[in-house]
Amino acid sequence: MVEGVKDVLAYGKAAYQGIVRRRRHPARTQKKHVLMIDDLVPDPLFGAGYPRAFAIVQSLVMAGHRVSFYPMRSSPADIERMTTTFAGAVLFHPGAGARGLRRLLWTHGANFDALFVSRPMPMAAFVQARWQPAADHPIQVVYDAEAVLAPREAYRRALFDTPWSDQDYKAAIADELEVARTADAVTAVGEGDATTIRSVLDMPVFVLPHPVAVRTDTASFGDRQDFLFVGRLTGSSSQSPNIDSVIWFVSAVMPILDRLIGTAYRLHVVGRIESAEIEALTSQRVVLHGVVEDLQPVYDRCRVFVAPTRYAAGIPLKVVEAMGEGIPCVVTPLLAEQLALGGRVSSKGTRPQDLQAEDTDARQFAQDCARLYTDHLAWQAARDHGTAHVTRCFSQKAFDTVLQDVLEQDDRPRGAHGVPFSRTIR
């Protein structure tokens, strides 16, 4: 996690007040009043991209920008919690759906310099509000795609439903990104999503994944045991990649792993659990912890992190955070591609509609788990590779730089087609 998330979850309001006092004011950046619009408040405990939303708000505040936040849905407790979390540095408007957003824009829209709209539904609500800034006060609109969802749906259909044709897949992507055509720039969580967006939209696209700090004071191989999964587990396996992941690991991978290393290990499952399918897996060897606010002790206690994800969108933040926490990870080829980790890829190509359930090999996944669990040298090499990858691709400094470039994109050098050059964290 980023420093701010750790501080907030571990120490609460006082810790974030310290962060606000240390906020940066880079001379090159003109300060702006930014309105962020999202489905929910940026609570890191929500998962599903909200730790990244938290990081965006934190980065803007620390850079000296004035930040307001409109969630499409919220409770009074959500607003109070986030206002306290950010020590009053962010104005959180109560969520009142599309009507509330329209009212906010038409009443106070002229007060903002930039709008940062995340995810398809809020962007659609923004477009439907039909609000236009005054001619003498142009306002930058940034669409934060967060994650392009059509590829995930294509993978899901390949596993549980009728696969899409090429035409269906392209149409789904075009439909999803149609709402972004009124934006001035787009941000995406990974280069794969950015490439997809560029194939549809002719505008600046910035790669802005979640920033993660690398922790060096972590437990050694011999002081650890068991496997760990972290993720939100709500809904059903046919709709939730995390639920499908855990069920597949327990039912398909663990029996093979048992034959390879014995049955002395356990799987620890951490995250919000609202699923009868997951609760039915509870046993002495499958331990459900629910929400754990401070994950560091859990990361230090377990030897291997597993991400047996068979369909997903964006980047697997939980894997990036685990690598930053110094725990080696075993991931599916899908996640390896999303994270640009190298290694095994599907022999059937990279189009989601080409992938079938059998492409995720339970035996290979179990063998990878067994190797990292029993081989100290392989474990250390995997940990070193993971932390190096996080340092290179997911640093806080690079995140802050790209986010400031997004806000300044109107002043950037223009490319051959009159479009500002995109910026990627690397």
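Would you mind getting me the FRET efficiency between Gln239 and Thr216? Use the beta-carbon distance for r and R0 = 56 Å, nearest 0.05. Before the final figure, lay out the partial values.
Numbers: r = 38 Å, r/R0 = 0.68.
Efficiency, from the Cβ-Cβ distance: 0.90.
Starting from the Cα of Lys318, draw a straight line to each of the aspartates and glutamates and keep only those under 17 Å, dropping any in the same chain fewer than 8 residues away.
By straight Cα distance, Lys318 reaches Glu3, Asp43, Glu146, Asp244, Glu293, Asp294, Asp300, Glu337.
Give the shape of segment 58-192 as rounded, prolate or oblate, defined through the alpha-carbon gyration tensor: a ≥ b ≥ c are the square roots of its eigenvalues, a/c under 1.5 means rounded, and otherwise the shape is prolate if a/b is larger than b/c and oblate if not. Mind dumping the intermediate values first?
Working: a/c = 2.06, a/b = 1.63, b/c = 1.26.
In terms of gyration-tensor shape, prolate.
Return the whole-Å distance between the Cα centroid of segment 157-182 and the Cα centroid of segment 77-123.
Segment 157-182 and segment 77-123 have Cα centres separated by 29 Å.
Please report the net charge: other residues with Cβ closer than 13 Å to the Cβ of Trp379, K and R +1, D and E -1. It would help to have the intermediate numbers written out before the result.
Details: positive: Arg224, Arg303, Arg371, Arg383; negative: Asp223, Asp368, Asp375, Asp384.
Surrounding charge for Trp379 is 0.
Send over a whole-number figure in Å² for the accessible area per residue of segment 254-326, probe 1.4 Å. It would help to have the intermediate numbers written out before the result.
Working: 2760 Å² over 73 residues.
That works out to 38 Å² per residue.
What's the Kirkwood radius of segment 81-125 in Å, using all Cα pairs? Spell out each step's value before the answer.
On the way: mean 1/r = 0.0833 Å⁻¹.
When all Cα pairs of segment 81-125 are included, the Kirkwood radius is 12.0 Å.
Modelling each spin label as a point 7 Å along the Cα-to-Cβ direction, I'd like the Glu408/Ala96 distance in nm, to one decimal.
Calculated label separation equals 3.8 nm.
With the crude spin-label approximation of a point 7 Å out along Cα→Cβ, what separation in nm comes out for His289 versus Thr84?
For His289 paired with Thr84, the spin-label model returns 2.4 nm.
Can you give the FRET efficiency for Ser251 and Thr162, using 1/(1 + (r/R0)^6), R0 = 25 Å, r = Cβ-Cβ distance, to the nearest 0.05? The partial results should precede the final answer.
Details: r = 24 Å, r/R0 = 0.95.
The computed FRET efficiency comes out at 0.60.
Pulled fully out, how much extra length does the chain show between Glu178 and Glu274, if you take 0.36 nm times their separation in residues and subtract their Cα-Cα distance? Please list the in-between numbers first.
Working: separation 96, 0.36 × 96 = 34.56 nm, distance 3.26 nm.
Length gained between Glu178 and Glu274: 31.3 nm.
Leaving ligands, DNA and RNA out of it, rank Glu279, Glu321, Glu153 by accessible area with a 1.4 Å probe, largest first.
Working: Glu279 105, Glu321 20, Glu153 50 Å².
Heavy-atom accessible area, descending, gives Glu279, Glu153, Glu321.
If the label point is 7 Å along Cα→Cβ of Gln367, which residues in segment 269-311 have backbone nitrogen under 16 Å from it?
From segment 269-311, the list is empty.
By how many nm would the segment from Asp223 to His33 lengthen if fully extended, with 0.36 nm per residue of separation less the alpha-carbon distance? Show your work: numbers first, answer last.
Details: separation 190, 0.36 × 190 = 68.40 nm, distance 4.83 nm.
Full extension from Asp223 to His33 adds 63.6 nm.
Show me the ranking of peptides 211-219, 363-371 by mean Cβ neighbours inside 10 Å, starting with the highest. Don't skip to the answer; put the middle values down first.
On the way: 211-219: 17.2, 363-371: 19.3.
Ranked from most to least packed, the peptides come out as 363-371, 211-219.
Once the piece of chain linking Thr107 and His376 is laid out straight, how much longer is it, given 0.36 nm per residue of separation minus the C-alpha distance between them? Write out the running numbers ahead of the final one.
Values: separation 269, 0.36 × 269 = 96.84 nm, distance 6.13 nm.
Using 0.36 nm per residue and subtracting the Cα-Cα distance, I get 90.7 nm.
Report the calculated FRET efficiency for Arg266 and Thr195 (r = Cβ-Cβ distance, R0 = 51 Å), to the nearest 0.05.
Working: r = 40 Å, r/R0 = 0.78.
Efficiency at R0 = 51 Å is approximately 0.80.
Ranked from highest to lowest mean number of other Cβ atoms within 10 Å per residue, what is the order of the peptides 132-140, 252-260, 188-196?
On the way: 132-140: 12.1, 252-260: 17.1, 188-196: 21.4.
Descending mean neighbour count gives 188-196, 252-260, 132-140.
Straight distance only, please: which aspartates and glutamates reach the Cα of Lys31 with their own Cα at less than 16 Å, same-chain residues fewer than 8 apart left out?
Asp113, Asp400, Asp405, Glu408, Asp410, Asp411
The values are calculated or read from the model by the stated rules, or taken from the named source; none is laboratory data. Only a predicted model underlies this, so the values are computations on that prediction, with no experimental measurement involved. Here Cβ is always computed from backbone atoms with ideal geometry, including for glycine, and neighbour counts include all displayed protein chains. Side chains are part of the model used for accessible areas, which takes the heavy atoms of the whole protein and leaves out ligands, DNA and RNA. Shrake-Rupley method; radii C 1.70, N 1.55, O 1.52, S 1.80 Å.
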